[in-house]
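Peer 1: Quick one: the structure is below, questions incoming.
The values are calculated or read from the model by the stated rules, or taken from the named source; none is laboratory data. What you see is a predicted model, and the numbers here were worked out from it, not measured in a lab. When we count neighbours, we look across all protein chains shown, and the Cβ atoms used for this are built from the backbone with ideal geometry, even at glycine. Note: accessible area is taken over every heavy atom of the protein model, side chains too, but ligands, DNA and RNA are not part of it. Shrake-Rupley method; radii C 1.70, N 1.55, O 1.52, S 1.80 Å.
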Amino acid sequence: QVQLVESGGGLVQAGGSLRLSCAASRRTSSYNMAWFRRAPGKEREFVAAISWVLGRTLYAGSVQGRFTISGNNAETTVYLHMNSLKPEDKAVYYCAAGSITYSISNESPYYDYWGQGTQVTVSS
């Protein structure tokens with residue numbers, strides 16, 4: 001089991017940047033890690049994922065080229081670097097960890113552990 005705590009959210013102007021952090025209670029190298037988000041009035045959607053086992057990353061089309069998912073050397077923190085933010089990026093962002101590592105997925109059922117979320121607001 002792993003506990004996840006997100007931080008780094010806040011208010012930023014359109015075009016600005018933020019870096020979200022996800023602190024894990026244990027090394028994340030045994031998991032696929034991902035970020036999802038839920039905008040007001042919308043369903044939760046996939047943002048990005050990283051697989052240490054496969055050495056791969058996966059991004060939603062809406063953030064491709066603007067967001068980058070990465071981890072620290074100790075493999076205890078996962079980051080989401082967000083650039084060129086848009087008002088439509090406003091959402092609560094959730095970190096997730098999945099035990100299935102033979103593939104990388106953008107589907108939430110593949111992820112077993114979730115953080116509480118951090119709010120990102122982008123003003124126009």
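Peer 1: Cα-based Rg of the chain per 2.2 N^0.38 Å, rounded to two decimals?
Peer 2: Output field value: 0.97.
Peer 1: Next question, about the same structure. Go ahead and collect, in residue order, the members of region 2-34 whose backbone nitrogen is under 17 Å from a label point 7 Å along the Cα-Cβ direction of Ser84.
Peer 2: 13-19
Peer 1: For Ser62, what accessible surface area do you get with a 1.4 Å probe? Give it in Å², rounded to 10.
Peer 2: Ignoring ligands and nucleic acids, Ser62 comes out at about 60 Å².
Peer 1: Can you tell me the accessible area per residue over the chain, all protein chains present, probe 1.4 angstrom, in square angstrom?
Peer 2: The answer is 50 Å² per residue.
Peer 1: At 4 °C and a viscosity of 1.567 mPa s, what translational diffusion coefficient does Stokes-Einstein give for region 3-44, taking Rh as the Kirkwood radius over Cα pairs? Give it in µm²/s as a whole number.
Peer 2: Result for D is 102 µm²/s.
Peer 1: Another one. Any idea what the dipole of the chain comes to, in debye rounded to 20, about its Cα centre with Lys/Arg Cβ at +1 and Asp/Glu Cβ at -1?
Peer 2: That gives a dipole near 160 debye.
Peer 1: Which trypsin sites (Lys or Arg not before Pro) in region 1-90 pass both tests, a DSSP loop state and at most 16 other beta-carbon atoms within 10 Å?
Peer 2: When the trypsin sites (Lys or Arg not before Pro) of region 1-90 are filtered for loop state and at most 16 Cβ neighbours within 10 Å, Arg26, Arg27, Lys42, Arg44, Arg66 remain.
Peer 1: Once neighbouring chains are kept in place and the probe is 1.4 Å, which whole percent of the accessible area of region 1-95 is contributed by carbon and sulfur?
Peer 2: Using a 1.4 Å probe with all protein chains present, region 1-95 comes out at 45 percent carbon and sulfur.
Peer 1: Still on this structure, please answer the following. Ignoring GluC sites (Glu not before Pro) that are buried or in helix or strand per DSSP, and keeping those with at most 11 other beta carbon atoms within 10 Å, what is the longest stretch of the chain between them?
Peer 2: With GluC sites (Glu not before Pro) excluded where exposed in loops, the chain gives 44-106 as its longest stretch.
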